[in-house]
Amino acid sequence: MRVDVNISLRRHEDAPFGTKVEIKNINSFKFVEKALHYEIQRQAEILEDGQEVTQETRLFDEAKGVTHFMRGKEDAHDYRYHKDPDIPYIDISESDIEKIRQEMPESPKAIEKRYIEKYKLSSYDARVISQDKAFSGLFDSVIQQDACLPKTLANWILGPIAESENKTDQAFSETPIHPKQLSELLQLLDQEKISNNNAKLIFEKMWTSGDSATSIIQTEGLEEISDTAQITTIVDDVLANNTKQVQQYRDGNHKLLGFFVGQVMKKSQGKINPKIANKILLERLNQDTD
């Protein structure tokens, strides 16, 4: 490791920096710190005595902890600077600069800020998505459909979509899925017309076939059961077939709720809305506890 450091002092925060001094060939972070501390003190003493700091190159003596003169560098020619004869002068007007600035794509930092302020994404989600050009492009394409929730979309980009890309070694843009189709799938999920597990199954089929979520749901029979009366019938049937566990639950073993949820999901082949099922289960299990 070889490090060169430059340091110059100024009398206060608004004052211009003074003369720069270079310290050459420092070989560790520890000695960088020590060399800078010494050089700050040395230059400060010179300035406090009313003298001028000389522009020069110095070396750091590790044993003594001091810098000492190596060579003087007072002008540009001392640094071997010279103009390249093959490079012509380029005059760029302010209007050209402004035009280029307007044509520049949105920076990742600006995208991150927009995601946080406009779509209320978390700092983590906004940062990760904005730093990946493909992810941010997908987010913007899908969210323009104004169908799904921004948080749902962010979760899927960083979850199932990223996982599928890693698993198949295929970018989302290389699949037959159109952003509008993804928007439709996530809208169905937000509306609780399909479960999260079924949404993932549908997405896997979309990844290879390019079929719409609606057509896959119809073909596979994956639409979620949300009808309260139908769910109540299934819940009552499960409770009637597990009277022993019902009594144990009512005696205080509330961990059995998971058992009942599993039985309801099994009986409905995973198509039932779990939130509604949980609500009805709790109502049924607790109605005779008083």
Checklist entry - Are there any pairs, at least 6 apart or on different chains, whose C-beta atoms fall under 6 Å, with the first in region 247-271 and touching a residue at least 60 places away in the same chain (Cβ under 8 Å) and the second surrounded by 13 or more Cβ atoms within 10 Å (Cβ to Cβ), and if so, which? => result Lys271/Glu224; Lys271/Ile225
Item to check | Condition broken by Arg10, with the remaining ones in (1) surrounded by 11 or more Cβ atoms within 10 Å (Cβ to Cβ); (2) modelled with pLDDT of 90 or more; (3) out of contact with any Ser or Thr (no Cβ under 6 Å at 6 or more places or on another chain) satisfied | outcome: (2)
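From the residues in region 102-121 that are of a type in the set (A, V, I, L, M) and in a loop (DSSP other than H, G, I, E, B), which one is surrounded by the most Cβ atoms within 10 Å (Cβ to Cβ)?
Restricting attention to region 102-121, the residues satisfying the condition of being of a type in the set (A, V, I, L, M) are 104, 110-111, 116, 121.
Applying the additional criterion that residues be in a loop (DSSP other than H, G, I, E, B) yields 104, 121.
Numbers: Met104: 8, Leu121: 23.
Going through the qualifying residues, I end up with Leu121.
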Checklist entry - In region 273-289, is there at least one residue being under 23 Å from Leu188 (Cβ atoms), assigned to a loop (DSSP other than H, G, I, E, B) and among the basic types (Lys, Arg)? => result no
Item to check | Hey, Ile272 closer than 30 Å to Glu165 by Cα, of a type in the set (A, V, I, L, M) and not assigned by TED's automatic domain parsing to the domain that holds Gln145 or not | outcome: yes
Next on the checklist: Every residue in region 36-50 that is loosely packed, with under 10 Cβ neighbours inside 10 Å and either in contact (Cβ under 8 Å) with a residue 24 or more places away in the chain or assigned to a loop (DSSP other than H, G, I, E, B) (or both), please.
Outcome noted: Asp49, Gly50
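Condition first: in a loop (DSSP other than H, G, I, E, B) and either surrounded by 16 or more Cβ atoms within 10 Å (Cβ to Cβ) or touching an Asp or Glu at 6+ places or on another chain (Cβ under 6 Å) (or both). Now tell me which residues in region 212-225 satisfy that.
So in region 212-225, the residues in a loop (DSSP other than H, G, I, E, B) come out as 212, 221-224.
Across region 212-225, the qualifying residues are Ser212, Leu222, Glu224.
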Checklist entry - Can you tell me which residues in region 167-195 are buried (at least 17 other Cβ atoms within 10 Å of the Cβ), under 23 Å from the mean Cα position of the chain (by Cα) and closer than 27 Å to Ile276 by Cα? => result Leu182, Ser183, Leu185, Leu186, Gln187, Leu189
Next on the checklist: Quick check on region 172-194. Is at least one of its residues touching a residue at least 40 places away in the same chain (Cβ under 8 Å), among the charged types (D, E, K, R) and farther than 18 Å from Phe139 by Cα?
Outcome noted: yes
Checklist entry - Does any residue of region 79-101 turn out to be surrounded by 10 or more Cβ atoms within 10 Å (Cβ to Cβ), at pLDDT below 90 and either more than 17 Å from Ile40 (Cβ to Cβ) or not assigned by TED's automatic domain parsing to the domain that holds Thr19 (or both)? => result yes
Checklist entry - Under the condition of being small (Gly, Ala, Ser) and surrounded by 11 or more Cβ atoms within 10 Å (Cβ to Cβ), which residue from region 234-290 is modelled with the lowest pLDDT? => result Gly270
Checklist entry - When you scan region 2-32, how many residues do you find that are in a helix (DSSP H, G or I) and within 12 Å of Val66 (Cα to Cα)? => result 2
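The values are calculated or read from the model by the stated rules, or taken from the named source; none is laboratory data. Source: prediction; values computed, not measured. Here the Cβ is made from the backbone with ideal geometry for all residues, glycine too, and neighbour counts use every protein chain on show.
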